[in-house]
1. Answer yes or no as to whether R448 is over 30 Å from D320 (Cβ atoms) and touching a Gly at 6+ places or on another chain (Cβ under 9 Å).
2. Condition first: in a helix (DSSP H, G or I), within 30 Å of K141 (Cα to Cα) and of a type in the set (A, V, I, L, M). Now tell me which residues in segment 65-114 satisfy that.
3. What residue, of E234, E184, E247, E229, is within 27 Å of V353 (Cα to Cα) and assigned by TED's automatic domain parsing to the domain that holds S465?
4. L105: touching a strand residue (DSSP E or B) at 6+ places or on another chain (Cβ under 9 Å), among the hydrophobic types (A, V, I, L, M, F, W, C), without any contact (Cβ under 8 Å) to a residue 12 or more places away in the chain and not assigned by TED's automatic domain parsing to the domain that holds E229, yes or no?
5. Counting only residues that are touching a helix residue (DSSP H, G or I) at 6+ places or on another chain (Cβ under 9 Å) and surrounded by 14 or more Cβ atoms within 10 Å (Cβ to Cβ), which one in segment 232-259 is farthest from T15 (Cα to Cα)?
6. Condition first: surrounded by 18 or more Cβ atoms within 10 Å (Cβ to Cβ) and assigned to a helix (DSSP H, G or I). Can you find one or more residues in segment 38-59 that meet it?
7. Can you spot a residue in segment 154-162 that is closer than 21 Å to R485 by Cβ and either in contact with a Pro (Cβ under 9 Å, 6 or more places away or on another chain) or touching a residue at least 40 places away in the same chain (Cβ under 8 Å) (or both)?
Amino acid sequence: MKKTLVVGTGLGAITTALRLARRGYQVEMVEKYHQAGGRLNQLKKDGFTFDLGPTFFSMTYEFQEFFKDAGIDQMPFRFRELDVLYTVHFRGSEKKYRIYRDLDLLAKEFEEVEPNFKEKMERFLASAERFFHDTEYLVLKKNYDSIWHYLLTLVRVPMRHSPKLLRSVWSEMERYFESREVKEIFSLVAFFLGATPFDTPAIYTILSYTELVHDGYHNVEGGMYKIVEGLKKELDLAGVRVHYNTEIVDYKYEGNKLAALIDQNGKEWTADLFVINADAAWFRHKIFKRKKYSEQKMDKLKWTLAPFTMYLGLNTKIKDIPLHNYFLGNNFEEYSGKIFKNSIKLDQPYYYVNVVSKSDPEAAPEGCESLFVLCPVPDLRFKPDWSDRDEIASNIITDLSGRIGFDLEKHIVSQTVLTPVEWRDAFNLYKGSGLGLGHDLDQIGGFRPKNYDEAFKNVFYVGASTVPGTGLPMAVISSKLVVERITKAYGSVHT
């Protein structure tokens, strides 16, 4: 029986471990944090419960495929489809735009600013749909053995999609819509990737198709961490042991094989093969110390924005604010152009608010509310000093209070703030980058760090910074791709 050591317990790691266990591999896992989940984690404090990172997702069918592949008969958590995906508020306007999946309801939201909205949106979504279905299996769900393999695959994509490779999300929006409000709202998908619509390729408008047509957005009954708790029970049933508070700091090798990984206490963890769920570029940089991944070269790569997050417990309920909300300013292009490199003040930042207890009342004591606030900010390359964390948090609370007409400050009984420093230290995120490597054309597909190691033939990678990319369904697909590589090299004991 082949022994596999999985480093990390993010969604990519857990789904990989269960797929391998089904195939007869003996799997053991080590995790730096005190509990499983990676960025799909949970914070409990002062009687309040918060999802630490992701709060909704799409492409639920990737989970269905995983359960079938891993031999899990009954899904250990329940999806909940969202009818209103989110609302968007612009600074200086009392209008709230509700983003419905129903195109007729959606059209009514924009009838004053975008004539013939439904017709325009149908054309936009049809284009995104064609691209999605022409590339999902051909490009997205595929391993690449070389850059040439990837480029030859791209040649097979129908030529009509080629312009999408040259345009940004923003320029694609401008081809279909006229109003500032519509273009800004539906280009927010770029921020879901940790970037801005001005530097994200137009191919990612497929996210608009997945959110509005294909699968919609979902969250999980009882909170997103139920995914991890449910899958952790499956790990227990499969005999997969998980060791927490265990950080890998060094390694030993014999020829072209990794022999052991060494933790902070000097313990050696041996295995026949190793799967790394830590950031694929970071691990090569920090642990393997590869020249190709030196700090100088890492800093030149394009990383996603960092998270500045707040977890607020209120001693009262808030009216008129739904589950998922975006609060934008009135300087979208300027803000997008300057936020990456810390060349704009964070006195009036753009941010997202999830009122956790609207969906799951048990997340807060009776009569109380749990709020999660995410503000994308520069990573530690551009803003290494976060001594102004309290000032930024206060700015957001003051801004949010004014925009919802409710004095939050008076009702906060629990407050936790995580800057990019805390995110970096908790989950080994390079310079605090929230979603790992960016999704520029030269950092996707075959250009992304490979899910197999260049030097050690028994080392593989899974997760956001390898193929296919960031996001919960991508992590599940990533586990499928890496298991394909492993079984191709080592076979299956049984299936």
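1. It is true that R448 is over 30 Å from D320 (Cβ atoms) and touching a Gly at 6+ places or on another chain (Cβ under 9 Å).
2. Scanning segment 65-114 gives A70, L103.
3. E229
4. yes
5. The extreme case among them is I248.
6. Looking through segment 38-59, none of the residues is surrounded by 18 or more Cβ atoms within 10 Å (Cβ to Cβ) and assigned to a helix (DSSP H, G or I).
7. Yes, that holds for at least one residue.
For (1) touching an Asp or Glu at 6+ places or on another chain (Cβ under 7 Å); (2) at pLDDT 95 or above, each residue gets a yes or a no:
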{"site": "V7", "(1), (2)": "no, yes"}
{"site": "G10", "(1), (2)": "no, yes"}
{"site": "H34", "(1), (2)": "no, yes"}
{"site": "G37", "(1), (2)": "no, yes"}
{"site": "D46", "(1), (2)": "no, yes"}
{"site": "Y61", "(1), (2)": "yes, yes"}
{"site": "G71", "(1), (2)": "no, yes"}
{"site": "Q74", "(1), (2)": "no, no"}
{"site": "R80", "(1), (2)": "yes, yes"}
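The values are calculated or read from the model by the stated rules, or taken from the named source; none is laboratory data. Remember, it's a predicted structure, so these values are computed and weren't measured experimentally. When we count neighbours, we look across all protein chains shown, and the Cβ atoms used for this are built from the backbone with ideal geometry, even at glycine.
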